[in-house]
Structure formats: C-alpha cells, structure tokens
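Asks: A single structure is presented below for examination.
The values are calculated or read from the model by the stated rules, or taken from the named source; none is laboratory data. For clarity, every value in this text was computed on a predicted model and none was experimentally measured. We place every Cβ from the backbone using ideal geometry, glycine too, and count neighbours over all the protein chains shown. For the accessible areas, the whole protein counts, side chains as well, though only heavy atoms, and no ligand, DNA or RNA atoms are used. Shrake-Rupley method; radii C 1.70, N 1.55, O 1.52, S 1.80 Å.
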Amino acid sequence: MGFKLSQRSLSKLEGVHPKLVEVVKLAITKSPLDFSISEGLRTVERQKELVAQKKSQTMKSRHLIGEAVDICILLDGKANWDFDNYHIVANVFKDCAAELGIKITWGGEWTTLKDGPHFQIELN
C-alpha cells in the first residue's frame with residue numbers, strides 16, 4: 001500500500017465533485033492495488049464517442065456533470081481489467097467513502113451493466 005496518484009490522474013480529477021475527489025485521494029493511500037484515473041469529467045462530445053463505440057449506454061452519464069470517475073487498476077505499471085481486482089479496490093472505495101460520510105455507488109454492483117472501473121457520488 002501507500003500508492004499515490006500521478007499528476008496525470010490528478011489532472012483527470014479536475015471538474016470532478018470535490019467530495020468524490022476526497023474519496024479517490026483517500027482510497028489510493030489505502031488500496032492494496034495501484035490505480036489511475038482514466039476518466040473524470042467528460043464533454044458531451046466524448047460521451048457521444050463512447051456511446052457510439054458501445055463503451056457507454058447513455059447520454060445521461062454522471063461523468064457529464066463531474067459526479068463520476070473511472071479508474072484503471074495497474075499491476076506492474078500495466079492496465080489490468082480483471083473484475084476481481086476491481087472488486088477489491090471497490091471495497092476500499094466504499095470503506096473510504098463511509099469513513100468520510102460520503103455516499104457512493106460502484107458500477108460493478110449494477111444489475112444491467114457491470115462497470116467495474118466506475119464510481120459515482122450520490123448527493124441525494
């Protein structure tokens with residue numbers, strides 16, 4: 001443990017809700033697996049691209065309003081997409097969110113589309 005976010009990941013958090021950023025920054029320090037931020041705030045154009053590529057199913061993504069992030073787990077510095085690893089990191093995210101009194105949702109728990117890299121803040 002003891003990982004930290006790269007400057008690239010920090011820049012991808014620009015425009016993301018401050019409370020979600022707080023969760024991400026705490027989670028990286030407690031996670032047994034390194035991760036980077038692959039997506040934060042998105043433009044409508046980027047969202048349209050992802051929908052066209054079938055990498056997203058909606059134009060109502062929480063990324064468009066800065067309420068979601070996607071992570072990429074790094075093993076030996078390389079991207080790893082093993083769902084079990086995302087489950088491990090999701091538990092860290094949920095614990096950190098609870099510690100901070102912030103409610104989040106993990107996309108890996110959705111019933112229609114399992115989105116392991118996705119985390120979003122719940123403001124209601």
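Asks: Looking only at the stretch 66-97, filter to residues that are among the small types (Gly, Ala, Ser) and closer than 14 Å to VAL21 by Cα; which one of those is surrounded by the fewest Cβ atoms within 10 Å (Cβ to Cβ)?
Replies: Among residues in the stretch 66-97 that are among the small types (Gly, Ala, Ser) and closer than 14 Å to VAL21 by Cα, the one surrounded by the fewest Cβ atoms within 10 Å (Cβ to Cβ) is GLY66.
Asks: Quick one: count up the residues across the stretch 17-65 that are open to solvent by less than 20 Å² (accessible area, probe 1.4 Å), in a loop (DSSP other than H, G, I, E, B) and in contact (Cβ under 8 Å) with a residue 40 or more places away in the chain.
Replies: 1
Asks: If LEU100 meets every condition in (1) touching an Asp or Glu at 6+ places or on another chain (Cβ under 9 Å); (2) farther than 27 Å from PRO32 by Cβ; (3) not small (Gly, Ala, Ser) apart from one, which number is that one?
Replies: (2)
Asks: Kindly indicate the residue of the stretch 100-116 that is closer than 17 Å to HIS17 by Cβ and assigned to a helix (DSSP H, G or I) and also modelled with the highest pLDDT among those meeting that condition.
Replies: LEU100
Asks: Could you list, in sequence order, the residues of the stretch 17-72 that are under 17 Å from ASN85 (Cβ atoms) and among the hydrophobic types (A, V, I, L, M, F, W, C)?
Replies: The answer is VAL24, ALA27, ILE28, LEU33, PHE35, ILE37, VAL69, ILE71, CYS72.
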